[in-house]
1. Would you please list the contacts, defined by Cβ atoms under 7 Å and residues six or more apart or on different chains, that run from a residue in the stretch 328-348 that is polar (S, T, N, Q) to a residue that is surrounded by fewer than 17 Cβ atoms within 10 Å (Cβ to Cβ)?
2. Six or more apart or on different chains, Cβ atoms under 6 Å: show the pairs whose first residue is in the stretch 286-308 and of a type in the set (S, T, N, Q) and whose second is part of a helix (DSSP H, G or I) and surrounded by 15 or more Cβ atoms within 10 Å (Cβ to Cβ).
3. Can you tell me which condition Phe266 does not meet? The list is (1) out of contact with any helix residue (DSSP H, G or I) (no Cβ under 6 Å at 6 or more places or on another chain); (2) of a type in the set (Phe, Trp, Tyr); (3) under 16 Å from Ile66 (Cα atoms), and all the others hold.
4. Which ones in the stretch 106-116 are open to solvent by 20 Å² or more (accessible area, probe 1.4 Å) and touching a residue at least 40 places away in the same chain (Cβ under 8 Å)?
5. Of all residues in the stretch 184-233, which are hydroxyl-bearing (Ser, Thr, Tyr), buried (at least 20 other Cβ atoms within 10 Å of the Cβ) and more than 21 Å from Glu70 (Cα to Cα)?
6. Considering (1) among the hydrophobic types (A, V, I, L, M, F, W, C); (2) at pLDDT 95 or above; (3) surrounded by 20 or more Cβ atoms within 10 Å (Cβ to Cβ), say which one Ala38 fails and leave the rest.
7. Looking only at the stretch 1-15, which residues are buried (at least 18 other Cβ atoms within 10 Å of the Cβ) and either touching a helix residue (DSSP H, G or I) at 6+ places or on another chain (Cβ under 9 Å) or in a strand (DSSP E or B) (or both)?
8. Need the failing condition index for Ile168 against (1) buried (at least 17 other Cβ atoms within 10 Å of the Cβ); (2) β-branched (Val, Ile, Thr); (3) under 26 Å from the mean Cα position of the chain (by Cα), just the number.
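The values are calculated or read from the model by the stated rules, or taken from the named source; none is laboratory data. Keep in mind that what you see is a predicted model, and the values were worked out from it rather than measured. FYI the Cβ positions are ideal-geometry reconstructions off the backbone, even for glycines, and counts take in every protein chain you see. SASA here: full protein model, heavy atoms, side chains in, ligands and nucleic acids out. Shrake-Rupley method; radii C 1.70, N 1.55, O 1.52, S 1.80 Å.
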Amino acid sequence: TQDVLMPGGIYYGVNAMSGNLIIGLRSRLVNGNAMVIATSGGGKSMFVKQEILELFLRFPRARFYIVDPENEYRPLVQALGGVMVDIAVDSNTFFNPLDFTPEPGSKVPPFMMKSEFILSLCEQIIGKGNTDAGDRSLVDRSLRAIYEPFIRAHYQGPCPTLADLWRILNQQAHPRAQELALALELFATGSLSMFAQPTNVDMSNRLICFNIQSLGEQLKPVAMLSMLEFISTCVTSGERNDPEAAAWVYFDEIYLLLQNELSAHFLFNSWKRFRKYNAYATGITQNVEDCLTNTTAYSMLANSEFVCMLRQTKDIDNVVDLYGLSEPQRNYLLLARPGQGILKMGNSLIPFVNDYPKDSKTYRLLTTKPGEMTLGAEHCAEKG
């Protein structure tokens, strides 16, 4: 029997063997990144939402960023006063991926920070292998031009947008600049220009959820890159030395991001680098086998000190091999009800039970079962 009781931690359930509470804190592990794996209906979203709620209340200065492919987190986010950013063609919420906040003590200018993102964006739009060596210089030249007024104003006032970048590229006499501008036009001034608008939501809110449920195939790659660039900017510009001001980033249905090479590369770097910036990444998936056959995903699993294994069915043998589970542990996962599973916290493997009271308002905010969910916001008035 292994028990975990970290002072100042949060509640993760009851140890199924000893009956003791499981109190832990991922940020105190060697690597606080996490993966939550389970078959459909195993309780993944419920587990993650409960962790977000407890961390949000436990650490008033912490920040949270959620990538939500199924619009499941809206009730909880609204109840906690967070911001929902709906990414869709007909959305009224916009965020500008070229927004920039200088890091304290850093002299790295914004055009250098955004260069890689714009080059990746161009590669995504034009097609891999269709960019050339001169594109980097053209992008760098254009970014310098659009950020120059912002820098002169000591980072006050509005940031430039993709529309500004398109305009500067279009003004250059170089034919390749014209080609890049033409490729960007659809996303800068055309019908898919939602990422070329100034930010109109409170992106300083400490709880931000990106709803990507309505993304079309044309918009999805650009949206993924823009959203991940914004999250990266927020993480790297945060407070690095205050454990209670950490950034917690959640990627639900993470396999959707892994399908795109550029977003998969971002995730791989996040799992390696976030800890340096006082940030912790969490991936949620039901496709364990896909993670094991994907080099990037396997590396993320291997670099996660915290793993929540809920009910498993067809992927059970893969999970057993990956984490060296015993036969009783294997059977526990096979027969687990929603809210039951095994927690890997560092070197500890703990079978747990977390039966959340169903007659509570918080349960209605956390559950994803049809008929049990609340609209969220109207329950805020009584949350105190």
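1. So the pair list comes out as Gln340/Val353; Ser348/Gln2.
2. Between residues of the stretch 286-308 that are of a type in the set (S, T, N, Q) and residues that are part of a helix (DSSP H, G or I) and surrounded by 15 or more Cβ atoms within 10 Å (Cβ to Cβ), the close pairs are Asn287/Tyr255; Asn294/Leu258; Thr296/Ala264; Thr296/Phe268; Asn303/Trp271.
3. The failed condition is (1).
4. Pass one, the stretch 106-116, residues open to solvent by 20 Å² or more (accessible area, probe 1.4 Å): 106-109, 111-113, 116.
Within the stretch 106-116, Pro109, Met113 qualify.
5. Start the filter on the stretch 184-233 by keeping residues that are hydroxyl-bearing (Ser, Thr, Tyr), which leaves 189, 191, 193, 199, 204, 214, 226, 232-233.
Remaining after also requiring buried (at least 20 other Cβ atoms within 10 Å of the Cβ): 226, 232-233.
Correct list: Ser232, Thr233.
6. Exception for Ala38: condition (2).
7. Step one: filter the stretch 1-15 for residues buried (at least 18 other Cβ atoms within 10 Å of the Cβ), giving 4, 9-10, 12-13, 15.
Once the filter is applied, which keeps residues that are buried (at least 18 other Cβ atoms within 10 Å of the Cβ) and either touching a helix residue (DSSP H, G or I) at 6+ places or on another chain (Cβ under 9 Å) or in a strand (DSSP E or B) (or both), the stretch 1-15 yields Gly9, Ile10, Tyr12, Gly13, Asn15.
8. (3)
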